[in-house]
Amino acid sequence: ASDVWVDASSSTTGSWGGTETASDGTYTIKGLATGDDYVVSTWSSEYANISQTGVSTGDTVDLTLSAGVSISGTLKDADGKGIAGAWIDAWSDAESMGGGDETASDGTFTISGLKPNTTYTVSAATGEHGFISVEVSVDSSDVSGVALQIAAGASISGTVTKASDGGVIADVEVIVAAFDSDGEFYNS
C-alpha cells in the first residue's frame, strides 16, 4: 500500500523516525540510533494498523495490512438534528490504536481501518454541544448504527486578564479538563 505512514521508536535510545511508503509499498526509515528494541508501527486511515516489537536497526520488517472493520453512526444534538463537522474518535485501550472521522452535513460518520475483535471508546467533543462517548465492541464485522446524541452542555464563563495591570487578554484558549477519581484524564 502506498502513502501509509510507518514509524519506529526505541524507548532505550529515545530515537524515533518515520516515513510514508512509496507507490510500491516499500519504506526506509533513516537516522535512527543503533538499537534492538524498536517498535515499528503503521498509521493509516484505510487499513487496520499493526506494530512489530523487538526490531533491531538493520532489520527488514515486512508488514501486511488488512482492511479491518469500520464503525459508523450518527452524531445528533439534543433536538435530534445531525451535527456536521465534528471529529469522532474511536480508541481501543487494549490495542493502543484507533481512528477517526469528521461528521458529514447530516451528522453521519464512518471510521474505517480498525482492528477487529476489541472494544472501542467512540467519542465526540463538539465544543458548544459538549462531550459524549460510548463503548462499542467489535468482532470481525463492521458495526453500524452507533447513535451519539449530546445535549447542549452547561457553560463556564469568565474573563482572562493580565496580572500586571488587569488588562483584558483576547484570543486565549481556555480548556476545562475532567479527571476520574484515580486522577486519570476522563475520555471514556
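Here is how the numbers come out for the structure above:
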| quantity | calculated |
| --- | --- |
| Whole-Hz couplings from phi, Karplus 6.51/-1.76/1.60, listed for region 89-97; x for Gly and Pro | 10, 10, 9, 10, 5, 5, 9, 6, 8 |
| ASP62 accessible area, 1.4 Å probe, all protein chains in place, Å² to nearest 10 | 130 Å² |
| Volume in Å³ per residue [convex hull over Cα atoms, computed for region 82-171] | 134 Å³ |
| Gaussian network model of the chain, springs between alpha carbon atoms under 10 Å - residue of LEU114, LEU65, LEU32 with greatest fluctuation | LEU32 |
| Nearby lysines by direct alpha-carbon distance to LYS162 (threshold 25 angstrom, same-chain neighbours under 8 apart not counted) | none |
| Vicinal HN-Hα couplings computed from phi for region 53-68 (Karplus, 6.51 cos²θ - 1.76 cosθ + 1.60; Hz; Gly/Pro x) | 9, x, 8, 9, 4, x, 5, 9, 10, 9, 10, 10, 9, 10, 5, x |
| Estimated vicinal HN-Hα couplings, Hz - region 18-29 in sequence order (Karplus 6.51, -1.76, 1.60; Gly, Pro = x) | x, 6, 9, 6, 6, 4, 9, x, 7, 8, 9, 9 |
| Sorted largest first, extent of region 87-131 alpha carbons per principal axis (Å) | 31, 18, 11 |
| Within-11-Å neighbourhood charge of SER72 [Cβ basis; K, R +1; D, E -1] | -2 |
| Candidate lysines for bridging to LYS76, where Cα separation is under 28 Å - those fewer than 8 sequence places away on the same chain excluded | LYS115 |
| If the convex hull is drawn through the Cα atoms of region 23-113, its volume per residue in Å³ | 137 Å³ |
| Rg/Rg_ref, the chain, where Rg_ref = 2.2 N^0.38 Å and atoms are Cα | 1.28 |
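The values are calculated or read from the model by the stated rules, or taken from the named source; none is laboratory data. Computed from a prediction, not measured in an experiment: that's the story for all the values here. Virtual Cβ from ideal backbone geometry, glycine too; neighbours counted across all protein chains shown. Side chains included, ligands, DNA and RNA excluded: accessible areas come from the protein's heavy atoms. Shrake-Rupley method; radii C 1.70, N 1.55, O 1.52, S 1.80 Å.
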